[in-house]
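Below: the structure, in structure tokens.
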Amino acid sequence: MSNIKNILLKKKSCKSVWFMRQAGRYLPEFKKVRADNPNFIELCLNSNLSAEITLQPLKRFDLDSAIIFSDILLVPYALGQDVSFIKEEGPKLSEFDFPTFINKKEGDFKSKLEPVYRAIEITRKKLEKNKSLISFVGAPWTLIIYMFNMKLDKKNIDINILNSKKFNLNEIFNKLINFLCIHIKNQINAGADIVQIFDSWAGLIPQNKIKEFCYRPNLEIVNFCKKEHIPTICFPKGIKENYYEFNEVVRPDGINLDPDIDPLWAKEKLKNVTLQGGLDPKNLLKSNKELFEAATKYIQTFKDIPYIFNLGHGLLPETDPDKVDKLIKFYRSF
């Protein structure tokens, strides 16, 4: 086992494993907590419960890292928008109000997110010293999709909403970048070791806007983290061959692959970066044989370079925890 921070900073090639969404929706112990706490945002802001949920998978599985139980939409919440989660539809935010957003002060922002930092402090005290604690943020583009309620369904957005806004989009990006950097620094100060930057909807950016909406915002956040000596993992999900240019421009410490990225292509094209993930979480819904064959492809391909075993997206709600345990044991024994 290895501390993931060491792999990112020293580029060591050794065994390390954690999973996106390892704390949450597929675990019976989480479902029990969730049933008693129907308001998701309030649950995320309950420091003791957030820490408890963060540690649940580490009590079950032989993982190298915890990722704090939180949500990327806590940032728009702290910047003045109401956030609700509608069953079968997902997150819904109140109407974006530009004056409220642009005039938000750092003190008020930090105060609203103080429970997150407290949860990290509690988790760090209870976490074994050789385990990493990962914090995270959503990238500006992905947050803007939610802030403007641009989602039509799981694969489509209404891009015309951007054109209908009568304010400076660049100003919104810059303000978001500033507050995301504040949120990252506060999480690290509270005890996190690493930050993962989720650009979950990067694949929906028009090709002629990818530098403006994806590369530049991620680069500014990564550059801030480099100045603060904070290891970064970027996840520009869905951008296909643009992964190459993203890595060349942004230069994070680590980059998470999605299932569309061929591992052999990634090994050849993505240089000077620790690779993470790639395995389709749907494989955990298949037979053990199919799951282990899919995992072997990644393990074999990346066996001689810095690699963190993970998924190409978060664990699915219908995942059997026993399958997760078997996959981790398979990886450890490989």
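The values are calculated or read from the model by the stated rules, or taken from the named source; none is laboratory data. These numbers were taken from a predicted model, which means no experiment stands behind them. Please note: Cβ atoms are built from the backbone with ideal geometry, for glycine as well, and neighbour counts cover all protein chains shown.
Structural remarks
- Residue tally, condition basic (Lys, Arg), at pLDDT below 95 and closer than 18 Å to Glu95 by Cβ, over region 137-185: 3
- Residue match in region 320-333 (condition: in a helix (DSSP H, G or I), at pLDDT below 95 and either buried (at least 18 other Cβ atoms within 10 Å of the Cβ) or among the polar types (S, T, N, Q) (or both)): yes
- Enumeration of residues in region 117-166 that are acidic (Asp, Glu) and more than 19 Å from Leu73 (Cβ to Cβ): Glu121, Glu128
- The one condition in (1) out of contact with any Cys (no Cβ under 9 Å at 6 or more places or on another chain); (2) within 29 Å of Thr123 (Cβ to Cβ); (3) part of a helix (DSSP H, G or I); (4) not charged (D, E, K, R) that Ser200 fails to fulfil: (3)
- Taken over region 265-316, residues that are more than 23 Å from the chain's Cα centre (by Cα), surrounded by 14 or more Cβ atoms within 10 Å (Cβ to Cβ) and of a type in the set (Ser, Thr, Tyr) amount to 1.
- In summary, Thr100 fulfils each of the numbered conditions (1) touching a residue at least 60 places away in the same chain (Cβ under 8 Å); (2) in contact with a Gly (Cβ under 6 Å, 6 or more places away or on another chain) with the single exception of condition (1).
- Picking from residues in region 291-324 that are among the polar types (S, T, N, Q) and in contact with a Phe, Trp or Tyr (Cβ under 8 Å, 6 or more places away or on another chain), the one that is nearest to Leu27 (Cα to Cα) is Thr319.
- Filter result for the condition that a residue is in contact with a strand residue (DSSP E or B) (Cβ under 6 Å, 6 or more places away or on another chain) and either closer than 20 Å to Ile7 by Cα or not acidic (Asp, Glu) (or both), over Ile255, Ile299, Ile305: Ile255
- Residue in region 42-53 that is within 22 Å of Ile72 (Cβ to Cβ) and modelled with pLDDT under 95 present: no
- In region 239-264, the residues that are of a type outside the set (D, E, K, R), surrounded by fewer than 20 Cβ atoms within 10 Å (Cβ to Cβ) and more than 16 Å from Gln300 (Cβ to Cβ): Asn242, Tyr244, Val249, Pro259
- Residues that are out of contact with any helix residue (DSSP H, G or I) (no Cβ under 7 Å at 6 or more places or on another chain) and of a type in the set (A, V, I, L, M) within region 152-168 comprise Leu152, Ile159, Ile161, listed in sequence order.
- Of all residues in region 269-290, exactly one satisfies the criterion of being farther than 25 Å from Ser132 by Cβ and touching a Phe, Trp or Tyr at 6+ places or on another chain (Cβ under 8 Å), namely Lys269.
- Within region 54-93, considering residues that are at pLDDT 95 or above and basic (Lys, Arg), the one nearest to Asn130 (Cα to Cα): Lys59
- Of all residues making up region 146-170, the number that are in contact (Cβ under 8 Å) with a residue 40 or more places away in the chain, touching a strand residue (DSSP E or B) at 6+ places or on another chain (Cβ under 7 Å) and not in a helix (DSSP H, G or I): 3
- Residue match in region 197-213 (condition: under 21 Å from Leu73 (Cα atoms) and surrounded by fewer than 21 Cβ atoms within 10 Å (Cβ to Cβ)): yes
- Within region 50-141, strands (runs of 3 or more DSSP E) holding 2 or more residues that are surrounded by 16 or more Cβ atoms within 10 Å (Cβ to Cβ): 65-67, 90-93, 132-138
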